[in-house]
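The values are calculated or read from the model by the stated rules, or taken from the named source; none is laboratory data. Just so you know, these numbers come straight off a predicted model, no measurement behind them. Heads up, the Cβs are rebuilt from the backbone with ideal geometry, glycines too, and the neighbour counts pull from every protein chain shown. Side chains included, ligands, DNA and RNA excluded: accessible areas come from the protein's heavy atoms. Shrake-Rupley method; radii C 1.70, N 1.55, O 1.52, S 1.80 Å.
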Amino acid sequence: MKKLKFQTPTGMHDILSFEQRCFRSVINAADKIAEFYGFNRIETPILEEKELFDKGVGASTDIVQKEIFTLKSKGGDCLALRPEGTAPVVRAYIEHGMANRPQPVKLYYIGPFFRYERPQAGRYRQFWQFGLEIIGEKSPVSDTQIIQLAHGFFSDLGIKNITIEINSIGDRECRSAYYRSLTKFLRPKTKFLCTDCQKRTKENPLRVLDCKNEKCQEVIKEAPQTLNHLCTDCHLHFKRVLEYLDESEISYQLNPRLVRGLDYYTKTVFEFSTFDSEGKSLALGGGGRYDKLVEVLGGKETPAAGAAFGLERIVQIVKGLQGEQTKKLRNRVFFAQLGEKGKGKCLGLMEDFRKANITVGELLGKSSLKVQMARAAKIGAELTVIIGQRESLENLAIIRDMETGRQETVSFKNLVGEIKKRLKK
Ligand code: AMP
């Protein structure tokens, strides 16, 4: 295909009008369930200081090392297009003194994020996430509540076949013992690891468990498990999370290899996935506890947990489920007019319909009644309101029943009421 002069940048995509309905229905479901569980929406800027992510997400993670979009402002600040939402929300929590409010503070966000990833199916360089954070609560009940909310979100959208994988990666205390054991295991095998993981073995061995490279996957099959190195506190915390999940009748799978790709996690980590049409696993999102992040970013030590879900994939699945329903909703009423005066009267009447919450279709730019009636038939309108030249002079409207062809003339004053009556039938 001939290259156009301008196209969306690689890995970025338009969300066109025909996709908006489904996109919005997913966002509405997210808003609704988050509000139900007591989360308040927050919007943070798309740009943040790059250092926020170096410190928060971790300088040696793929997200920061390979995927972050950065720019220098004219004033010389090093900024980044946000690759994830937790570090910005925690920055806002500290900046706005939310620690002084009743705890926990429950926040959620919906918006675009940016990662310079290799473009591939379902992976974009600008993508949307729905994320949740519970800041200021150490109880395992909040880990479970986030999982429960996400579970309810997918169920409200009609998405079945959801797999929840869960693990605990411990806290700083038990992690050092685990690191020793993992490094001891990895060191003699470094030659079998990819070059990135050879470096990771020294700098951040947990990241090796996260590597997608097949060679590394083979090596880590036998790696020691975080679960066998948990201190008493982390062990008890994880046990409670699982018990709460059992009590909520949410099924999960323990995955001792699950670590997640961001450095801020402590204790619980989890991931939601489903299957594509070919049976391949499709990650929908995940999260976990991050008890050290507030402190790392300059606040007081504050326990917290959160999760984030990729909207593009969810929209794709919902589109498949909704099928025909995602097509444009039909306007049950259509406005047709003749003459300049007719057009003007229609503009005014449409406002009455908007206030009465009745959606209407129109082709006000066209003059031919035949063309307008053909459009009314095409969109499947049940009723057409016709304002001809004579009607516009006398403030009258003709209501045409599109099925029977019967027409009745009513005054403008009674129009909305008459239409309501007929739509009820
Ligand atoms: P993460 O923040 O990496 O845990 O990602 C959470 C979820 O966001 C993933 O499971 C995906 O559903 C979605 N996601 C992450 N990166 C991308 C991307 N580049 N394009 C589309 N969706 C993404």
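The criterion of at least 2 residues that are open to solvent by 30 Å² or more (accessible area, probe 1.4 Å) is met, among strands (runs of 3 or more DSSP E) falling completely within region 369-425, by 396-401, 407-411. Among the residues that make up region 112-122, is at least one of them under 18 Å from Ala308 (Cβ atoms) and either away from the ligand (no atom under 13 Å from the Cβ) or among the polar types (S, T, N, Q) (or both)? Checking region 112-122: not a single residue is under 18 Å from Ala308 (Cβ atoms) and either away from the ligand (no atom under 13 Å from the Cβ) or among the polar types (S, T, N, Q) (or both).
Taking the stated definitions as given, is Phe335 assigned to a strand (DSSP E or B) and aromatic (Phe, Trp, Tyr)? Judged against the criteria, Phe335 is a match. Applying the criterion of being among the polar types (S, T, N, Q) and either farther than 22 Å from Leu107 by Cβ or not assigned by TED's automatic domain parsing to the domain that holds Val296 (or both) to the residues of region 35-79, the residue that is nearest to the ligand (Cβ to nearest atom) is Thr61.
Taking region 37-66 on its own, how many of its residues are in contact (Cβ under 8 Å) with a residue 40 or more places away in the chain, out of contact with any strand residue (DSSP E or B) (no Cβ under 8 Å at 6 or more places or on another chain) and open to solvent by 30 Å² or more (accessible area, probe 1.4 Å)? Number of matching residues: 4. How many residues, within region 279-337, are more than 16 Å from the ligand (Cβ to nearest atom) and either over 27 Å from Leu16 (Cα atoms) or at pLDDT 95 or above (or both)? Matching residues across region 279-337 total 18.
Each residue in region 266-278 was checked for being within 16 Å of the ligand (Cβ to nearest atom) and either over 20 Å from the mean Cα position of the chain (by Cα) or outside the structural domain of Ile250 (by TED's automatic domain parsing) (or both), and 2 pass.
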